[in-house]
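Colleague: Sharing a structure with you now.
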Amino acid sequence: MVHFYEISDSGVQACRSKNLSAVCDRIDVLHPELEYKSFDYAICNVTIQMVEFPEILISEMARVAAHQVISFPNFAYYKNRLDMLIQGRMPQPMMFGYEWFSTGHIHQLSIRDFRDFIKKNTNLKMRDETHIGSNTFGINFLRESFPNLFSSISIFLLSEDL
């Protein structure tokens, strides 16, 4: 079974038009109606920075699913750092077409922030990770060697010790 939580009515309707199970609700609150480990995977795709309580979201994902997939924009990406340094403004590449005042971003985080949070606040282990960014010559090597600096979006696969 696939089940979606969507904050907007239009998102729910889009899911339902594709015969997907969806309800209008927040993802960063407790969902006791979902049974313990009732899913194989819980996925939070480029959304964790927008929720009010990411710690509840991650806890609930771990409760209801054996594996958690979490992706997010890495605000420590070198282009963001340069935008802040040179332009003196919030980095536009990470704003996805928004201005600083109209974005839903509440928690701008880096890869290092996310790793530290998982290590200190959960019993989850990082099983795999992928980092996405510019494919300019040499950047692939740099992104794999220094993802916190050269990854624009990162994807993590987490699970409890098996």
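Colleague: List the GluC sites (Glu not before Pro) within segment 51-94 that fall in a DSSP loop (any state other than H, G, I, E or B) and whose Cβ has at most 14 other Cβ atoms within 10 Å.
Modeller: Sparse-neighbourhood loop GluC sites (Glu not before Pro): Glu52.
Colleague: Excluding the sites themselves, what is the longest stretch of the chain that contains no trypsin sites (Lys or Arg not before Pro) in a DSSP loop with at most 11 other C-beta atoms within 10 Å?
Modeller: On the way: sites that count: Lys18, Arg89.
Counting only loop sites that pass the neighbour cut-off, the longest clear stretch is 90-162.
Colleague: I've got another one for you. Please report the antiparallel percentage of the DSSP beta bridges confined to the chain, to the nearest 5.
Modeller: Once the DSSP bridges in the chain are tallied, antiparallel ones form about 60 percent.
Colleague: Shifting gears a bit: Over the chain, what is the mean sequence separation of C-alpha contacts under 8 Å (at least six apart), divided by residue count, expressed as relative contact order in percent? Don't skip to the end; give the middle numbers.
Modeller: Details: 270 pairs, mean separation 34.8, N = 162.
Taking the mean separation of contacting Cα pairs over the length of the chain, I get 21 percent.
Colleague: Among the lysines, which fall within straight-line cross-link reach of Lys79, defined as a Cα-Cα distance under 30 Å, with same-chain neighbours fewer than 8 residues apart omitted?
Modeller: Within reach: Lys119, Lys120, Lys125.
Colleague: Across 5 Å bins from 0, what is the distribution of all Cα-Cα pair distances for the chain, in whole percents?
Modeller: 2, 8, 15, 19, 19, 16, 12, 7, 2, 0
Colleague: Stretched out fully, how many nm does the piece from Phe53 to Leu82 gain, at 0.36 nm a residue minus the Cα gap?
Modeller: Full extension from Phe53 to Leu82 adds 7.5 nm.
Colleague: For the chain, the longest stretch holding no chymotrypsin sites (Phe, Trp or Tyr not before Pro) located in a DSSP loop with at most 16 other Cβ atoms within 10 Å is which?
Modeller: Answer - 37-95.
Colleague: May I ask for the distance between the Cα centers of segment 54-88 and segment 10-34, given as a whole number of Å?
Modeller: Cα centroid of segment 54-88 versus Cα centroid of segment 10-34: 22 Å apart.
Values in this text are rule-based calculations from the coordinates and carry no lab data. Every value quoted in this text rests on a predicted model; they were computed, and no experiment measured them. FYI the Cβ positions are ideal-geometry reconstructions off the backbone, even for glycines, and counts take in every protein chain you see.
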